[in-house]
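Contents: one structure, followed by commentary.
What follows draws every value from the coordinates through simple rules; no lab data is involved. Note that the structure is predicted; figures quoted are calculated from it, not measured. As a convention, Cβ positions derive from the backbone with ideal geometry for all residues, glycine included, and neighbour counts pool all protein chains shown.
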Amino acid sequence: MDEQSVRLLDNLVNEDYHSSGPGVAILIVINDQIVYQRCLGLANLDKEEQITPETNFRLASLTKQFTAYGIMLLEQQNRLSRNDALGRFFSMEFQRKCPYLSRDVKVQHLLEHSSGIRDYETYDSNDHSQWSDFDVLNVLTDETYFIPGTHYRYSNTGYILLGLIIETVSEQSLNQYFDENIFQPFHMNASILYDFDRTVIINRALGYIEQRNEEKYDLCDQSTTSATRGDGGIYMSLTDYLQWYYHYPILSAKPFRIDEAPLETYYYDLGWFLTDSNGKIHLHTGNSCGFTHQVFRIDDEERKVLVLYLTNLGENNQRIEKFNRLIVEKLPELNPNNTNLLWDMVGLTR
C-alpha cells in the first residue's frame, strides 16, 4: 500500500474519531503482510485506556465464524453430522415439547440460516435481565417461519443452538472448547468467550452509544441479548484475529443461496456472507449494543486481502459505510470488485 493510500485512510480515521472518545481498531493485510494498522480512541472512557492492537472487543456476530468452525471440527472427528436433526442433541423434554423442530431442523439449517426457527428476541423478555443460551432453548416453541431448508432468515437463535450442540457433543463448556480447539492452537492468547457469571476480560473495550448531535457518549456495554454466546459472545483483539486469519483453513459446507428481493443473490456459508457460490470474497458484520464491526477477506489467485474494522460505538454503520466508500472509490487494491454486498449487509442481518 502506497503513502497516498495510507494518508487517505489516516485522514478518514482522524475525521471520524478522536483520542478522547470511543474509537476504532483497523487492520489491513495484503498477501499475508500487514500494510495498515491504526487504533484511535478510548477502550474505557472512565479509565482513559487507549485502544491498542491488544484491545479486546466483543465481536458480536463475527463470533459466528468461530462457532461454525467448531461444528466443522466435530464433524471431521465423526462426532456429529451436519445432517443430524436437533433431537439428537437435546433432552427428551425438549423433544416432547418441540417434536417438529427435533425431527425436521438439521444442523446444516442452523449453519446457513435456513432453519426458520423463531427469533428468540421476539419472545417476552420480562423474565430475563439477560438472556442465557438455556433461556433461549427453553423458550422455543414448536414452530418455524417456513419449512426448514427452503428460505433464508438470519437467526441468532440458530447459532446459539449450535453453541449448545458443541457443548453436548464435546462434553465441554463452549468457552473451554473454543480455548482448547481454536484459541490455544492458533496462538490467540487473549481471546475469550464471555460468561457473565465468571469471565474476567483483560484489555477489555467497553461499548458506548453516541448522544445524538453531540460528542458525548453513554455507556452501552450490555443489553438483554448480549450474554448469549454462540451467536456473538467472543471477545477478541486485532492481534488475535490476525492469528485466526493466518491459521484458519478456509472451509466450505454447501453455500446456501440467498435470494431476497430487492437484494442481489448472495450466499451464506459457515459464518460468512459470500458474493457468489465460489467463495472468493467473504464478508460479515457484527452489531451489538455498544459495538459495530465489519470484516471481509478476498482469497483469489491474484491477491489475498483481509480488512478488519472494529469499533466500540453502537449504531455506527455510517462511519463503516464511509470507510467502504473510500475503499471502493480510492483503494483498488482492497476493492472486492463485487461491492453491492458491502451496502446490503445491514438488510441481510435483520
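Among the trypsin sites (Lys or Arg not before Pro) in the range 127-209, those placed in a DSSP loop whose Cβ has at most 10 other Cβ atoms within 10 Å are ARG198. Neighbours of PHE134, meaning other residues whose beta-carbon lies under 11 angstrom from its beta-carbon, give a summed charge of -2 when Lys and Arg score +1 and Asp and Glu score -1. Each Lys and Arg adds +1 at its Cβ and each Asp and Glu adds -1 at its Cβ; summed about the Cα centre, the range 174-304 shows a dipole of about 180 debye. Think of each Lys and Arg Cβ as +1 and each Asp and Glu Cβ as -1; about the Cα centre, that makes the dipole of the range 287-326 roughly 200 debye.
Could you compute Rg(Cα) / (2.2 N^0.38 Å) for the range 67-175, with N its residue count?
Output field value: 1.01.
With contacts taken as Cα pairs under 8 Å at a separation of at least 6 residues, the chain carries a relative contact order of 22 percent. Where does the charge balance sit around ARG7 when Lys and Arg score +1, Asp and Glu -1, over other residues with C-beta under 14 Å from its C-beta? Cβ neighbours under 14 Å give a net charge of -2. Computing P(r) over Cα pairs in 10 Å bins from 0, in percent for the structure here picks out one of (i) 6, 23, 24, 18, 13, 7, 5, 4, 1; (ii) 5, 26, 35, 25, 8, 1, 0; (iii) 5, 23, 31, 25, 11, 4, 1, 0, namely (ii). Pairs from the list LYS64/LYS304; LYS280/LYS322; LYS254/LYS322; LYS216/LYS280; LYS47/LYS322 with a Cα-Cα gap above 31 Å: LYS254/LYS322; LYS216/LYS280.
Backbone N atoms of the range 109-123 closer than 15 Å to the 7 Å Cα→Cβ label point of ILE147 belong to residues 115-116.
Sum up the charges of everything whose Cβ sits under 15 Å from the Cβ of GLU180, counting Lys and Arg as +1 and Asp and Glu as -1, but leave GLU180 out. Every neighbour counted, the sum reads -2. Name the residue farthest towards the positive end of the dipole of the range 208-260 from the options ALA227, ILE209, TYR245, assuming +1 on Cβ of Lys and Arg, -1 on Cβ of Asp and Glu, about the Cα centre. Result: TYR245, furthest along the dipole toward the positive end.
Taking the chain as a Gaussian network of alpha-carbon nodes connected by springs under 10 Å, the highest mean-square fluctuation of the residues ILE34, ILE320, ILE182 belongs to ILE34. Beta bridges assigned by DSSP with both partners in the chain are antiparallel in approximately 95 percent of cases.
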